[in-house]
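Right, one structure below, let's go through it.
Any read-out appearing in this document is the output of simple, stated calculations on the displayed coordinates, not a laboratory observation. Computed from a predicted structure; not experimentally measured. Every residue, glycine as well, gets a Cβ built from its backbone with ideal geometry; the counts of neighbours run over all protein chains shown.
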Amino acid sequence: MKKTVKKEDIKIAILRIEGTNCEQESYDAFKRLGAQPEFVHLKQLLNIDCKKNERRDIFQYQCIMIPGGFSAGDYIRAGAIFAARIKSKLQKKLIEFVKQEYPILGICNGFQVLIELGLLPGIDEIMSPVPKACLNINDSNRFECRPTLLKHENKGKCVFTSMIPKNDIRLIPSAHAEGKLLFPLDKQIEYIERMEENDQIVFKYVDPNGNYAGYPWNPNGSISNIAGICNYIGNVFGMMPHPERSFYKYQHPEWTKEGLNSNIGDGQAVFTSVLKYICRRF
């Protein structure tokens, strides 16, 4: 009989390089739920410029998370340098990690990295040789930091949102300058249709009435109001808004009106969902 992994034994790699700046909140989100997160510098996985006892391997962890920030100063394109460094030596291992259905989470800059890696959109392959999408400069041409309302569109494929009811609307804050999801113009309709068929669209931006709307409710102009997507397997997930910043109810801007109740924030389910998945799957 297969033994399930206990939550307290789950190891999460919070991956970082120069410029990442949301790793502490990401670490805290998993730690508060009883898992074992660890800050892991990319050089530790590449086994360069670090002591032998500091070296790490991807398969020491049950989940990898790439947090938000401005990795490598967002030079060239947001997430491009981080992704290139990962792909240079870890491509084969990363593909195998995804094939074995281990989860990978990318939030904000992490989503940008997953796009640059070719792990997302992941419509029909684990990793594309070149990016098949991009997260472009916001339509406002400025950094947008605001509360955003997200409608959960997924029917159950995404392992990071399995505990969120379909059509549920959650307030999760956004803070980015390059979050406009785009696909090649000649493939745009095809990609969106295939992603809908594959149940890969996870979150969409909506207004307070639950309607798909433009700015400011869609803070970047993303195609089809998409705020988060997963790959065709459902174990690689990227989103622009920050669920780690709405872990507790008191982080909601109107908590004084609505009350704290259980003090569970709208973003907490992203982390509880993946831990539940790991406990059952491995």
- [ ] Choose one answer from R77, R32, R56: the residue with the largest mean-square fluctuation in a GNM of the chain with alpha-carbon springs under 10 Å.
- [x] R32
Open item on the list: Given the options Y61, I169, N154, identify the residue whose Cα lies farthest towards the positive end of the charge dipole of the chain (+1 on Cβ of Lys, Arg; -1 on Cβ of Asp, Glu).
Closed with: Y61
Open item on the list: Using Cβ counts within 10 Å as a stand-in for footprinting exposure, how do T4, T161 rank, fewest first?
Closed with: T4, T161
Task: Cα coordinate range in the chain, projected on the principal axes (Å, largest first) - done: 53, 47, 38
Task: Gyration tensor (alpha-carbon) shape descriptor, region 104-208, a/c threshold 1.5 - done: oblate
Open item on the list: How large is the Rg to Rh ratio of region 30-94 when both quantities use alpha carbon positions and Rh follows Kirkwood?
Closed with: 0.98
Open item on the list: Compute a Gaussian network model of the chain, connecting alpha carbons closer than 10 Å, and tell me which residue from K249, K93, K187 fluctuates the most.
Closed with: K187
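For I48 and I189, what does the FRET efficiency come to when R0 = 25 Å and r is the distance between their Cβ atoms, rounded to the nearest 0.05?
0.05
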Task: Likely footprinting exposure, S262, S224, S174, fewest C-beta neighbours within 10 Å first - done: S262, S224, S174
Task: For the chain, built as a Gaussian network whose Cα springs stay under 10 Å, the top-fluctuating residue of N231, N136, N109 - done: N136
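Which value, in debye to the nearest 20, describes the size of the charge dipole of the chain about its Cα centre when Lys and Arg Cβ atoms bear +1, Asp and Glu Cβ atoms bear -1, and nothing else is charged?
1020
Considering only DSSP beta bridges where both residues belong to the chain, give the percentage that are antiparallel (nearest 5).
Approximately 60 percent, going by the DSSP bridge assignments.
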TODO: Just list whichever of K31/K89; K11/K31; K6/K157; K157/K249; K6/K31 have alpha carbons separated by over 20 Å in the model shown.
DONE: K31/K89; K6/K157; K157/K249
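Restricting attention to region 103-161, which trypsin sites (Lys or Arg not before Pro) occupy a DSSP loop and are surrounded by at most 12 other Cβ atoms within 10 Å? If you can, show how the numbers build up before the last one.
Working: sites: K132, R142, K151, K155, K157; in loops: K132, R142, K155, K157.
In loop regions of region 103-161 (DSSP not H, G, I, E or B), the sparsely surrounded trypsin sites (Lys or Arg not before Pro) are R142, K155.
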- [ ] Let me know the shape class of region 7-132, please: from the alpha-carbon gyration tensor, a ≥ b ≥ c as square roots of the eigenvalues, rounded when a/c is under 1.5, otherwise prolate if a/b is greater than b/c, or oblate.
- [x] rounded
TODO: Take V130, V113, V270 and order them by how many other Cβ atoms sit within 10 Å, fewest up front.
DONE: V130, V270, V113
Task: Within region 9-83: Cβ-based charge dipole about Cα centre, in debye rounded to nearest 20 (Lys, Arg +1; Asp, Glu -1) - done: 200
Task: Cα-projected label distance for Q24 with C279, points at 7 Å along beta-carbon direction, nm - done: 2.9
